[in-house]
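The values are calculated or read from the model by the stated rules, or taken from the named source; none is laboratory data. All values derive from a computational prediction rather than experimental measurement. Ideal geometry is used to build each Cβ from the backbone, glycine not excepted, and the neighbour counts take in all protein chains shown. For the accessible areas, the whole protein counts, side chains as well, though only heavy atoms, and no ligand, DNA or RNA atoms are used. Shrake-Rupley method; radii C 1.70, N 1.55, O 1.52, S 1.80 Å.
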Amino acid sequence: MQPFPTLYVDLDIVRSNIARMASKAEKAGVEFRPHFKTHQSKAIGRIFREYGVSGITVSSIKMAEYFLNDGWDDITIAFPANALAHEYYNKITANGSIKTLVISEEVVQKIDQKLDNELGLYIEIDPDYGRSGVPVSELEKIKSLLNAIEGSDHCYPAGFYCHAGHTYKARSKDEVEKISREALQKLETLREHFPGLPICFGDTPSCSVLDDFDPATQISPGNFVFYDWMQVQIGSCSPNEIAVYMQCPVIEKFSDRNQALIHGGAVHFSKDSIQIDDYLSYGEPMLKYLSEETYVKSLSQEHGIIQCSPDVFSKLKVGETIQVFPIHSCLTADLMREYYTKDGQVLDHMNGKMGGS
């Protein structure tokens, strides 16, 4: 048992989550290009190969290089192309089939002038989410952008990429399905006007709830590999499908307010929270301590305060540990930078001490 906050991963649940999503993609007839931004681990990435995955998605050039070094050579960088990063694009495109996103003709022209190798470009589509991309309704702009890609010397059209991130505001499966269906319906115009070009669609809530992704031909969810308490609240998964948890030492107990102080703060969990009924939660205790009255009430840098039900408070012991589901596993994993398993293994994270292994 570690005497400090430790992130554990249950590899049996990881495999189950991957197997379920891979099977769903196969049944739906879409290519499964999972996003690796959640785990950022070569060891966990290798598990995907057991389920026939050959093409992956990442969120940065650095992450693409990290996984290229582990033998992945078909990689989508799901972030808009950076006109300042041509030297890095040249380096990674020399070693694999690399694709990224683009939103404007200006960027196409700027990167094309400085590329030495072929680079695939997905046109990023905004399904009225408002984060990034060309609005799906602006058909003429999409056509003009596609022409710019086709007319370039080093770029080719990889298709369309759409992330329906507004599903994260949902709080039920029905709500997720409604939002996802509306987003997919808007993509129908792309299939009508640009037949044959791939349409990549993917966010964990949509891909967890839907079984049919038409007109999409590819899916790229990421968080599903671990899930987290936010996904439970959204309706994407059950608590039994969450593959990671923080194990934190119980430092002190305060009987006057039924609270426990743990070593586990914002530098471990992140500051992500979720509104549950009338309280704000920064983490949910798992296993025998899971109850509606027990939750991580507040986080400072190293400290965490758990509000406890009377029953849970009586069971917690100073000098022992408590296991807590993170609200957002992607950020928690990025902060912790390594994973412990039940059998004592320590798995790598891109930004951790073992990142180069």
### Task
Sort out which residues of region 339-357 are over 17 Å from residue 242 (Cα atoms) and surrounded by fewer than 19 Cβ atoms within 10 Å (Cβ to Cβ), and write them in order of number.
343, 344, 345, 346, 351, 353, 354, 355, 356, 357
### Query
Hey, among 223, 258, which residue is more than 15 Å from residue 286 (Cα to Cα), modelled with pLDDT of 95 or more, within 22 Å of the chain's Cα centre (by Cα) and not aliphatic (A, V, I, L, M)?
223
### Query
If you check residue 221 against the conditions, is it under 25 Å from residue 337 (Cβ atoms), touching a residue at least 60 places away in the same chain (Cβ under 8 Å) and part of a loop (DSSP other than H, G, I, E, B)?
yes
### Task
Among the numbered conditions (1) of a type outside the set (A, V, I, L, M, F, W, C); (2) open to solvent by less than 30 Å² (accessible area, probe 1.4 Å); (3) assigned to a strand (DSSP E or B), tell me where residue 298 comes up short.
(2)
### Query
Identify, please: which residue in region 80-106 is open to solvent by 30 Å² or more (accessible area, probe 1.4 Å) and in a helix (DSSP H, G or I) and is, among those, nearest to residue 140 (Cα to Cα)?
105
### Query
Looking only at residues in region 224-241 that are in a helix (DSSP H, G or I) and touching a strand residue (DSSP E or B) at 6+ places or on another chain (Cβ under 6 Å), which one is most open to solvent (accessible area, probe 1.4 Å)?
233
### Task
Quick one: in region 122-168, of everything that is acidic (Asp, Glu) and under 27 Å from the mean Cα position of the chain (by Cα), which residue is most open to solvent (accessible area, probe 1.4 Å)?
128
### Cβ pairs under 8 Å, 6+ apart, first in region 115-135 and among the hydroxyl-bearing types (Ser, Thr, Tyr), second modelled with pLDDT under 90 and part of a loop (DSSP other than H, G, I, E, B)
129/164
## Note on the structure
Picking from 276, 199, the residue that is aliphatic (A, V, I, L, M) and at pLDDT below 95 would be 276
### Message
Go through (1) of a type in the set (A, V, I, L, M, F, W, C); (2) assigned to a loop (DSSP other than H, G, I, E, B); (3) open to solvent by less than 40 Å² (accessible area, probe 1.4 Å) for residue 318 and report which single condition fails.
### Response
(3)
### Failed item in (1) part of a loop (DSSP other than H, G, I, E, B); (2) under 30 Å from residue 223 (Cβ atoms); (3) over 20 Å from the mean Cα position of the chain (by Cα), with residue 117 passing the rest
(2)
### Query
Quick one: is residue 68 crowded, with 17+ Cβ neighbours inside 10 Å, among the aliphatic types (A, V, I, L, M) and touching a residue at least 40 places away in the same chain (Cβ under 8 Å)?
no
### Message
For the structure I just gave you, tell me whether residue 19 is surrounded by 16 or more Cβ atoms within 10 Å (Cβ to Cβ), touching a residue at least 24 places away in the same chain (Cβ under 8 Å) and of a type in the set (A, V, I, L, M, F, W, C).
### Response
no
